[in-house]
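Q: My structure is below; once you've seen it, I'll send some questions.
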């Protein structure tokens with residue numbers, strides 16, 4: 001079994017869990033369980049819990065979606081979180097040893113900064129880097145679909161919706 005690649009996972013954001021190519025990809029990487037999304041968002045964990053895939057039911061997804069789902073089905077893949085130590089290669093040539101300056105050189109200026117995280121808007125995704133404050137290093141990255149909450153909360157220009 002080969003390791004998942006972050007770029008491929010990010011490409012699947014917006015697809016439903018039953019989309020044939022996405023379902024096959026998950027199965028090939030040892031993720032056999034499928035979400036039901038009966039009670040809101042549902043997470044699937046993989047690779048000794050170093051990767052977390054979050055799915056949202058279509059109703060709640062459509063309530064705040066900026067972009068339509070990319071396939072038919074109920075549970076829409078809305079975010080992936082990759083924790084330091086995972087065998088999954090990060091997308092966009094990111095690495096856990098990057099500081100804010102290096103991250104900004106790839107992702108642009110953060111849209112929000114806090115002591116324990118930096119948030120970026122990149123390719124219509126919200127990318128959150130979670131920081132170990134003591135070590136000043138990145139512990140995890142979350143890649144999530146842009147939604148209306150993000151646009152309002154981070155006061156993003158409307159054109160960020162159009163790409």
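The values are calculated or read from the model by the stated rules, or taken from the named source; none is laboratory data. Since we're looking at a predicted model, the values are computed, not measured. Glycine also receives a Cβ, built like all others from the backbone with ideal geometry; neighbour counts cover every protein chain displayed.
Q: Within the range 84-97, track down each residue that is under 18 Å from the mean Cα position of the chain (by Cα) and assigned to a loop (DSSP other than H, G, I, E, B).
A: First pass over the range 84-97, keeping only residues under 18 Å from the mean Cα position of the chain (by Cα): 84-96.
Matches in the range 84-97: 84, 85, 86, 87, 88, 90, 94, 95, 96.
Q: Looking at (1) more than 22 Å from residue 19 (Cβ to Cβ); (2) assigned to a strand (DSSP E or B); (3) within 16 Å of the chain's Cα centre (by Cα), can you tell me which one residue 142 breaks?
A: For residue 142, the failing item is (1).
Q: Would you pick out the residues in the range 79-89 that are surrounded by fewer than 19 Cβ atoms within 10 Å (Cβ to Cβ) and touching a helix residue (DSSP H, G or I) at 6+ places or on another chain (Cβ under 9 Å)?
A: Listed by number, the list holds a single entry, 89.
Q: Also, I was wondering about something else. Tell me which residues, restricted to the range 42-75, are modelled with pLDDT under 95, under 21 Å from residue 153 (Cα atoms) and part of a strand (DSSP E or B).
A: Passing the criteria: only 65.
Q: Still on this structure, please answer the following. Within the range 10-33, how many residues turn out to be surrounded by fewer than 17 Cβ atoms within 10 Å (Cβ to Cβ), part of a loop (DSSP other than H, G, I, E, B) and at negative phi?
A: Adding up the residues that qualify gives 3.
Q: Right, here's the next one. Return the total of residues in the range 109-130 being farther than 22 Å from residue 67 by Cα and out of contact with any strand residue (DSSP E or B) (no Cβ under 6 Å at 6 or more places or on another chain).
A: Qualifying residue count for the region: 4.
Q: Would you check if there is a residue in the range 102-122 being within 17 Å of the chain's Cα centre (by Cα), surrounded by 19 or more Cβ atoms within 10 Å (Cβ to Cβ) and under 22 Å from residue 21 (Cα atoms)?
A: Taking every residue of the range 102-122 in turn, none turns out to be within 17 Å of the chain's Cα centre (by Cα), surrounded by 19 or more Cβ atoms within 10 Å (Cβ to Cβ) and under 22 Å from residue 21 (Cα atoms).
Q: Residues of the range 124-156 being within 21 Å of residue 11 (Cα to Cα), in contact with a helix residue (DSSP H, G or I) (Cβ under 8 Å, 6 or more places away or on another chain) and free of Cβ contacts under 8 Å to residues at least 60 places away in the same chain, which ones?
A: 124, 126, 127, 129, listed by residue number.
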